[in-house]
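Enquirer: This is the structure, below, for whatever I ask next.
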Amino acid sequence: MHIGIDLGSRTLKAVVWQDGAIIRHQVTESSFDPHHQALAFLEQHPTARVVATGYGRHLLQQHAELDVITEIKAHALGARQLFPNCRTILDVGGQDSKVILLDERGRVTSFQMNDKCAAGTGRFLEMMAVSLGYDLEAFGRAAAETEVGAPINSMCAVFAESEVVSLKNQGIPPATIARSVHLAVAGRLAAMVAKSGYGDHLVFSGGVANNATLVALLEKELRVPILVPTIPSIVGALGAALHGSRSLIQE
Amino acid sequence: MSEAFQVKSDPELWEKLGMDVARFSGMPGMLTTAYTNVFLSQKNRPAAMAYFDGMVENIHTGRIHEIMAVKESGKPVIGTFCVYVPEELIVAAGGVCVGLCGGAQGSIADAEKILPRNICPMVKSAFGFKVGKICPYFQAVDLVYGETTCDAKKKTWELLDRYVPTHVMEIPQMKRERDKKLWVEEVKDFKVAVDKISGTETSFDDIAAAIKTINAKRASLQRLNSLRHHNPSPISGKDMLLIEQIAFYDEPVRFAEKVHELCDELEKRIADGISVAPVSTPRILVSGTPMALPNWKLHNIIETSGAVVVNEESCIGTRYYKDLIDEGSTTVDQQLERLTERYMKIDCSCFTPNDERIDQVIKEYEESGAQGIIDYCLQFCHTYNIEAIKLSEACKQRGIPFMAIESDYSPDDVGQLQTRVEAFIEQITG
């Protein structure tokens, strides 16, 4: 039995992998002490081999017997398990976004991450949704209701929020503003993918891939099919679990 | 170490230098802690590093006393910010050339009271050190000799001149014959400015001796860098970077001697199979913008993530010591021309075109036995940032793993950088 734990900035993800299949998975909001949450999960499977990834991986390693890998490797392994031919992965989580390129054998050849800033991440979308009075799901649906968008110039979460406020005060309907925010984020992510280069399809992982409107806009920008896993947020945790199972075989 | 490492204090000296002593008195303690964590925690360091540890202990005291003694004898003490300013001519006049402080987050808030926030952290840090009166070197210099290698620097010199006399050397941005003519004239002006402080004109013999001294200093660093390329590494990247940083404030003859002592020890280590990391340790070349003391951020992240830095293609690194001056001149004019030719070989990204730098990075990659390149760009350094595109293309063509990083001195991106560096190491090791 192998467990992959992904301690993200917003959520904690866990996958239990046994006999070539996911037998259990869990996605919960990170509390103030995410490593205690993670340890509580691990206590339920005391014999499992554990690999941690994500922002909190080193903290967890101080409290439990486990290996760590980066989110980049974890997403590469996880995405490749779900889509064996994939060569380009876009992962957008709560705090950062990244593009990972793989060779034909699935090894990472290069990657790009956004820096020091919430622009184009899940957190950014959350903040914009809140300022428009939507929950996350309704925010995505609202953006799909209209074809029109007003320009959002800033991708800085702080400045964009004040742009949203000023659009609201101009009497622009919330759905239009929601559309605008989605267009801006899709544009930014598309530019990041284009800079890395991509093939004939793309795997989109991370919690933000749950937003169907964003996926559709991105597909339109990049003009290639975008493959979204059934549960996009657990791809990293899956990759971590797989890393554990494979390194055991190598030993 | 027999006695605990401690960066020394000398409030009386600092008072005399007109420093903000109350504020500065916290600095030695902070540096002691940082140095202990970053350097003294390393395992199996060469014994000859003790001298360089001592240079850090004496950074605000012993070395300042030495420099003040030179100054009081009427010789020039000149502060610089760039490897294009010819230190040979200062040494020829019996003076001291010192690379000024500009590598710490602590002085940036001082600078941002005046300068815009969105400029290079090194320029802000340096300016802040002077404005806040928290750098003994800045307080000790007769004048600062700036240059025109970047926009942030050349415009900041105009403001810095209000706090300390600041001269500016025009460094051309292309390397044609007409640029060389201008450059030689600038070097001659520099000589005049230096000689004016001591009141005597440096002679052919003075210059010849100084060229020999600085060539010897650069050659000692070449020897060290080539030994350091051995796999397994006989010395850490952090220790090498520290020595490259100390090269900018130590006395050159003594420094070269101490570097050779270290080299002798490293030769013995290599023969005995002693190293700081096993052969299998991933080897990283760092290229790009300078890392002024105490900027050890990237090296520390790389080496605490299980890799070793095997080369710095940087101003504080090979760009400082890869070229020597021809010693065969017979007239002063010829000396200055040979000197200029040597300085023209420095491949800073402020030049266009600058393709020789791309070739140089690849050459150093091959010589150092590196397995990947991390290109380091100080935030807002447009020329290095843009040049990284060509470097990345050259690496792609040759299948060299490459990653570009842009960062400043603040600790807030350490978590992200750590993830990127670890992922890069995973990429190298497969």
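Enquirer: Tally up the residues in the stretch B:37-55 that are assigned to a loop (DSSP other than H, G, I, E, B) and either at positive phi or acidic (Asp, Glu) (or both), please.
Expert: Number of matching residues: 1.
Enquirer: Separate question: So, in the stretch B:236-250, how many residues would count as being part of a loop (DSSP other than H, G, I, E, B) and small (Gly, Ala, Ser)?
Expert: 2
Enquirer: If I filter the stretch A:28-41 for residues that are buried (at least 19 other Cβ atoms within 10 Å of the Cβ), part of a loop (DSSP other than H, G, I, E, B) and within 14 Å of chain B (Cβ to nearest Cβ), do I get at least one hit?
Expert: Looking through the stretch A:28-41, none of the residues is buried (at least 19 other Cβ atoms within 10 Å of the Cβ), part of a loop (DSSP other than H, G, I, E, B) and within 14 Å of chain B (Cβ to nearest Cβ).
Enquirer: Further question on the same structure: Using the structure shown, decide if A:Ala142 is closer than 30 Å to A:Ile69 by Cα, free of Cβ contacts under 8 Å to residues at least 60 places away in the same chain and not polar (S, T, N, Q).
Expert: For A:Ala142, the condition - closer than 30 Å to A:Ile69 by Cα, free of Cβ contacts under 8 Å to residues at least 60 places away in the same chain and not polar (S, T, N, Q) - is not met.
Enquirer: Hey, among the residues in the stretch A:136-152 that are within 18 Å of the chain's Cα centre (by Cα) and surrounded by fewer than 20 Cβ atoms within 10 Å (Cβ to Cβ), which one's nearest to the other protein chains (Cβ to nearest Cβ)?
Expert: Going through the qualifying residues, I end up with A:Leu136.
Enquirer: Please specify each residue of the stretch B:273-306 satisfying the condition of being of a type outside the set (A, V, I, L, M), surrounded by fewer than 23 Cβ atoms within 10 Å (Cβ to Cβ) and part of a loop (DSSP other than H, G, I, E, B).
Expert: Answer for the stretch B:273-306, where residues must be of a type outside the set (A, V, I, L, M), surrounded by fewer than 23 Cβ atoms within 10 Å (Cβ to Cβ) and part of a loop (DSSP other than H, G, I, E, B): B:Gly273, B:Ser275, B:Pro278, B:Ser280, B:Thr281, B:Pro282, B:Pro294, B:Trp296, B:Ser305, B:Gly306.
Enquirer: Would you check if A:Met155 is surrounded by 22 or more Cβ atoms within 10 Å (Cβ to Cβ), within 20 Å of the chain's Cα centre (by Cα) and at pLDDT below 95?
Expert: no
Enquirer: For the list (1) in contact (Cβ under 8 Å) with a residue 40 or more places away in the chain; (2) surrounded by fewer than 20 Cβ atoms within 10 Å (Cβ to Cβ); (3) not basic (Lys, Arg), I need the number of the one condition that B:Cys82 fails.
Expert: Status for B:Cys82: all satisfied but (2).
Enquirer: For the stretch A:25-42, how many residues meet the condition of being more than 16 Å from A:Ala52 (Cα to Cα) and of a type outside the set (A, V, I, L, M, F, W, C)?
Expert: The number of residues fulfilling the criteria is 2.
Enquirer: Taking the condition of being closer than 19 Å to A:Ile22 by Cα, within 14 Å of chain B (Cβ to nearest Cβ) and in a strand (DSSP E or B), how many residues in the stretch A:48-104 meet it?
Expert: Looking only at that region, the number is 3.
Enquirer: For the stretch A:50-75, how many residues are surrounded by 24 or more Cβ atoms within 10 Å (Cβ to Cβ) and without any contact (Cβ under 8 Å) to a residue 12 or more places away in the chain?
Expert: Looking only at that region, the number is 0.
Enquirer: Quick one: in the stretch A:203-232, which of the residues that are among the hydroxyl-bearing types (Ser, Thr, Tyr) and not in a loop (DSSP other than H, G, I, E, B) is surrounded by the fewest Cβ atoms within 10 Å (Cβ to Cβ)?
Expert: A:Thr213
Enquirer: Now a separate question. Exactly one condition in (1) within 19 Å of the chain's Cα centre (by Cα); (2) farther than 19 Å from B:Ala404 by Cα is not met by B:Glu367; state its number.
Expert: Among (1) within 19 Å of the chain's Cα centre (by Cα); (2) farther than 19 Å from B:Ala404 by Cα, the lone unmet condition for B:Glu367 is (1).
Enquirer: Test B:Ala34 against the stated conditions and say whether it is assigned to a loop (DSSP other than H, G, I, E, B) and surrounded by fewer than 18 Cβ atoms within 10 Å (Cβ to Cβ).
Expert: Values: assigned to a loop (DSSP other than H, G, I, E, B): no; surrounded by fewer than 18 Cβ atoms within 10 Å (Cβ to Cβ): yes.
Spelling it out, it is not the case that B:Ala34 is assigned to a loop (DSSP other than H, G, I, E, B) and surrounded by fewer than 18 Cβ atoms within 10 Å (Cβ to Cβ).
Enquirer: Looking at (1) touching a Lys or Arg at 6+ places or on another chain (Cβ under 8 Å); (2) farther than 19 Å from B:Glu257 by Cβ, find the lone condition where B:Pro46 falls short.
Expert: (2)
Enquirer: Answer yes or no as to whether A:Phe124 is touching a residue at least 24 places away in the same chain (Cβ under 8 Å), among the aromatic types (Phe, Trp, Tyr), more than 19 Å from B:Gln416 (Cβ to Cβ) and in a helix (DSSP H, G or I).
Expert: Criteria not met by A:Phe124.
Enquirer: Could you please let me know if B:Val184 is more than 23 Å from the chain's Cα centre (by Cα), modelled with pLDDT of 95 or more and in a helix (DSSP H, G or I)? Explain how you work it out, then say what you get.
Expert: On the way: more than 23 Å from the chain's Cα centre (by Cα): yes; modelled with pLDDT of 95 or more: yes; in a helix (DSSP H, G or I): yes.
Yes: the conditions hold for B:Val184.
Enquirer: Still on this model: Which one is farthest from B:Glu244 (Cα to Cα), of the residues in the stretch B:65-79 that are β-branched (Val, Ile, Thr) and surrounded by fewer than 22 Cβ atoms within 10 Å (Cβ to Cβ)?
Expert: B:Val70
Enquirer: Still on this model: For B:Ala22, are the conditions met, namely being more than 18 Å from B:Gly99 (Cα to Cα), out of contact with any His (no Cβ under 9 Å at 6 or more places or on another chain) and modelled with pLDDT under 95?
Expert: The answer is no for B:Ala22.
Enquirer: Test of understanding: among A:Gly239, A:Gly171, A:Gly149, which residue is part of a helix (DSSP H, G or I) and of a type outside the set (A, V, I, L, M)?
Expert: Answer to the selection: A:Gly239.
Enquirer: Moving on to the next point. Looking at the stretch B:192-251, which of its residues are without any contact (Cβ under 8 Å) to a residue 12 or more places away in the chain and either hydrophobic (A, V, I, L, M, F, W, C) or surrounded by 18 or more Cβ atoms within 10 Å (Cβ to Cβ) (or both)?
Expert: Scanning the stretch B:192-251 gives a single hit, B:Val192.
Enquirer: Scan the stretch A:22-33 and report the pairs whose first residue is assigned by TED's automatic domain parsing to the domain that holds A:His243 and over 17 Å from A:Leu60 (Cβ atoms) and whose second residue is at pLDDT 95 or above and of a type in the set (Val, Ile, Thr), with Cβ atoms within less than 6 Å and a gap of 6+ or a chain change.
Expert: From residues that are assigned by TED's automatic domain parsing to the domain that holds A:His243 and over 17 Å from A:Leu60 (Cβ atoms), the pairs are A:Ile22/A:Val15; A:Ile23/A:Val16; A:Arg24/A:Val16; A:His25/A:Val15; A:His25/A:Ile234.
Enquirer: Within the stretch B:79-87, is even one residue aliphatic (A, V, I, L, M), out of contact with any helix residue (DSSP H, G or I) (no Cβ under 9 Å at 6 or more places or on another chain), modelled with pLDDT of 95 or more and not assigned by TED's automatic domain parsing to the domain that holds B:Ala292?
Expert: Scanning the stretch B:79-87 turns up no residue that is aliphatic (A, V, I, L, M), out of contact with any helix residue (DSSP H, G or I) (no Cβ under 9 Å at 6 or more places or on another chain), modelled with pLDDT of 95 or more and not assigned by TED's automatic domain parsing to the domain that holds B:Ala292.
The values are calculated or read from the model by the stated rules, or taken from the named source; none is laboratory data. Remember, it's a predicted structure, so these values are computed and weren't measured experimentally. Ideal geometry is used to build each Cβ from the backbone, glycine not excepted, and the neighbour counts take in all protein chains shown.
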